[in-house]
Every structure is written in C-alpha cells, then in structure tokens.
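The values are calculated or read from the model by the stated rules, or taken from the named source; none is laboratory data. Just so we're clear, the structure is a prediction, and the values are computed from it rather than from any experiment. Cβ atoms come from the backbone with ideal geometry, glycine included; neighbour counts cover every protein chain shown. Heads up: the accessible areas ignore ligands, DNA and RNA and are worked out on the full protein's heavy atoms, side chains in. Shrake-Rupley method; radii C 1.70, N 1.55, O 1.52, S 1.80 Å.
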Amino acid sequence: MINTSNGMMSTTSSSNAQSPGLKTYFKTPEGRYKLHYEKTHPSGLLHYAHGKTVTQVTLAHLKDKPAPSTPTAPSSSFSTGSGVRSAAARLLGGGNGSRALSFVGGNGGSKSVSASSRVGSLVASSSSSSTSTSNFDGKGTFLIFNVGDAIFISDLNSQDKDPVKSIHFSNSNPVCHAFDQDAKDGHDLIIGLNSGDVYSVSLRQQLQDVGKKLVGAQHYNKDGSVSSSRCTSIAWVPGGDGAFVVAHADGNLYVYEKSKDGAGDSSFPVIKDQAQFSVAHARYSKSNPIARWHICHGSINSIAFSTDGAFLATVGRDGYLRVFDYSKEQLICGGKSYYGALLCCAWSMDGKYILTGGEDDLVQVWSMEDRKVVAWGEGHNSWVSGVAFDSYWSSPNSDGMGETVMYRFGSVGQDTQLLLWDLEMDEIVVPLRRCPPGGSPTYSAGSQSSHWDNALPVGTLQPAPIMRDVPKISPLVAHRVHTEPLSGLMFTQESVLTVCREGHIKVWMRPGVSESQTNNSETMLSTSLKEKPLSSGKVGSSSYKQ
C-alpha cells in the first residue's frame, strides 16, 4: 500500500510488503521519479519454490493483432538481467540484454528477424484455442519474468499487481528468456532452463491459451542432448534471421536457428583447452545447434549484443569481459575486473561503450575505441547485478549545439540500491600510463584513442587495471528501492523498472510523466520502440542521495 501523503511506503500483509523506510520517489536534477505501481507473482507462491534461480525480466511489445494468415505481428522487446542477465535489452542501451531485467542484462539484446518456422502448426493450434485470456485483444506491452518453476506474464499497462498468465515447468526452473523484436512468424519468445533445455514459443499464443503449460513449443537441447549445463543467458541475434544464442554455466555458448528442427542431431569435438576460445561447427546441415563457442573456463554469467548485432559481449565467472566480432567468430578484445566475477553487461546505443558490473562492487565503463576501461563507478556497497544505458534520457540543459555526447546509465546491486550515473567523456581525466621510475605521470582530458598505446593485437585480454590508473565517477543518484537484493533494471520511454531477486518489480515514472498522465494509465506505459538518439549537452554535477 502506498501512502502518497508523506511519500513513504507503509507495510502491508501482502507478499510484497515494503519496509517503512522505503520512499516512493527519488530526486534527480531533472525532477522526481515516482513509484507508479508494482508487479509481482501471486501471493500464494511458496518461498522455498524459488530455489536458487534469480528473477529476470523481459519487456515484450505486441502490436495490433495480425491478419489470420500471420500468426504474429512484428514486435519489440527488451531484456535485462541479473548477475546472469541480460541482457539486456535494447531499451537498456542496445544489448540486452538481455538482460533479460537481465536487464538485460540485460539488458542482453533481443533484436532479430526470424525465419519461417512451424507456421502451419501454429496457425492450427491458435485457431483451436477458442478460449482466451480475459481482456486479451492481441496487443499490448507485457513483462515476462521467472520465479521458481514458473514464467509469469504481466500487463505493463495495467495497475493490477498480479500477472495475467502463468506457465509452469515440471522438471526444471526457467532462468533466462528473451523476446524477438522483429519476429516474422509465431515464435518470438525463447526460454532457457536450469536443466539446459531451451524452448521457443509464440507469446501471443501463450496469452490466448488458458492452460498453465507451454503450447506450440519447439524444444531444443532436449534432456541435455547437447549440453546438460545450466542456461545462464539467452539472446536473439539482431538481424540474425531467427538465430539465437544460449550461454551455459560450463563456459559454452551455442548458436541455434529456430527454422531448424529442435531435435536436429548435433555433436561437437571434445574441447582440448578449456582456457582458450574456440568455435566448432556442427557436421550436418540439419544439425541444431549449428555451432558451439567455447568462451571460457567456468560460467558465462551474461551476454549482450550490440544494437547492430556486429559484436557480442560476454562476462564470466573468471572476471573477464570478452568482446567478439559475431559474424567473423573472432575474439576482438577484453579485460579483467578489478576483483572477482563479472555478473552483467550492457551496450550503449551507439556501440561505443560497454558497462559491466560484478563482485568488486564497481561499475566498469569499457571503451570499444580504446579497448580499455575508461571509468570506474564507485557507489555500490555490494555486488553489482544489473547495468543499463538510458537511451531515452537527454540532458535538460542541452541546446543541441554541444559537441560532447553525455550518457546516462543505471546500475542495481545486492545492496538493494538503484544508482544513476552521468558520463561525459570530455570531463574525465584519463591517466595515460603509469608513472615511470623517477618520472611524473601524464594525464589527458578525454579518451581519444590517439592518447593510448593501441599496439595491442586483436584478441588480447588485458589484466585488471591498477586502481589509480582509472578515473573514478560518482553516482548522481543513490536510492534504496527494494528490501531484497536487486537483479536487474531497464529503461523505457516513460519509466525505469527495477526488479529484485524474489520477483517483485517496481515501475518508476520519469519526471513529468506521472503528473501529465496520471489518469491515463493505458497510454502511460505504451513503450515507443524507436530508439532516441543520444543528445549533446552538459549537466550539473550535483549528487542526490536518498
């Protein structure tokens, strides 16, 4: 229950009871972000059923119901995620993705064009589902999130806290998911399980069905036929014609094509060196998955595609960010965290920067141009579990004349805090190199590549930087948004969404939106899916803490 008279949240007996100390707003230089409403799983869900899975959230937009000949319409999606996220999402800043809110990683990216797959069977099964979810008219914006052994689907445009649909899995828990922005046929949602199994389905068909099981699903890696390792992150390949990738806890990433049979026989050679990146292709044309990428020794925790699909970023248990040229199947660059595992990653919309977060409590800003960490964000008191760029934000002082691009991004952590950051590269003092014996260090404003020694060969993974060599930035906002550790965040045109590990989601409306559209909840969260170009300008460095 929200008591808006004093801006504080009072406790209730619901499953999403809030601490009296949590405020329902936080301040930024451009105004207040206000808690609009919350989403969660049904209150009857037993806590022990959560197991070890962490809630991730995917944002899915279904457009107007298509003609009967087309099972689904083009749709849009954003994923963001937790420590296993992903990514993140296009709203997260171009990757996400996926996460899913793993954000995305979120993020992770979830943009792709799919090939024709099972269209006939989908049409047949769709038409046989005469009963449909109440009030489902074939369009809307939905939140897809996993808790325990179930996937829940909530209507983002409704203030109803409970989901409109639940899908239960009998043998394993769902852990990651992604929605296809540009699906040409029915299968636009992919789900990875703790058992390693993967499903692709039509979101629209799930909403039209009244049951609690997947309908019309394509099953990949059935019973661990290719890999019995846990899925950790999943993403559609942007512009990949129905291709998607699934990352696993054993350090392998598999490439699938949804146009091929999920049971296509695939066998891959034994990995000779667990520490080296390698790619193996399936021997037969009908095989699915079609390729295995061995990324690292230990778990891949999150993956994210750049917006154009040219590059794939991965972060892992070994603490390394790795960036690959996806079409060339080539490791381009990467680097190590200051300490411990990396848990999440996200791309900026222009593909110039990558955010990572992990067990060192830092938010790393990695420059693709410089192939280095160019800034560290200090402000979290525990592991950073979700990061995302805000592609909709623009500086309130921007006059359109500035030459410097400023970025706004967010991070969430196990310290239950949401942090917002502003990054303007020209204002960052970048140490060029460590001080030689008897000499003095040199510094440069900005991150122009001419200042760096760029003689590193392609594929070089850099060691952890020395702390004093990396510029530090402080958060603009630090706000405790949940009582439980957070697992992800994502940005939409009208709001910021935060999610905790236990499956509670909060929708924070941007300044000006809640005042102008309070009585029009139907349009309030209808997400515009056209990315907004980053704008120029500077903003004050005042810091707001709650």
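Tabulated values for the structure
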item: 19 Å Cα-Cα reach of residue 328 towards aspartates and glutamates, excluding residues that sit fewer than 8 places from it in its own chain; result: 241, 257, 308, 369
item: With 10 Å bins from 0: P(r) over the stretch 180-315, alpha-carbon pairs, percent; result: 12, 43, 35, 8, 1
item: Pairs from 161/258; 63/212; 184/213; 27/161; 336/506 whose Cα-Cα separation, in the structure shown, is over 30 Å; result: 161/258; 336/506
item: Per residue accessible area in Å² of the stretch 297-337, where ligands, DNA and RNA are left out and the probe is 1.4 Å; result: 30
item: Accessible-area composition of the stretch 307-409, carbon plus sulfur, in percent [1.4 Å probe]; result: 45
item: Burial order of peptide ranges 479-489, 261-271, 375-385 (average beta-carbon count within 10 Å, highest first); result: 479-489, 375-385, 261-271
item: Label-to-label distance, nm, for residues given as residue 270 and residue 468 (7 Å Cα→Cβ offset); result: 4.9
item: Estimated FRET transfer efficiency (residue 278, residue 30; beta-carbon r; R0 56 Å; 0.05); result: 0.75
item: For the stretch 241-304, alpha-carbon Rg relative to the globular expectation (2.2 N^0.38 Å, N residues); result: 1.11
item: Inter-probe distance in nm under a simple model that places probes 7 Å from Cα toward Cβ, at residue 329 and residue 63; result: 3.4
item: Linear extension gain, residue 382 paired with residue 222, 0.36 nm per residue minus alpha-carbon span; result: 53.9 nm
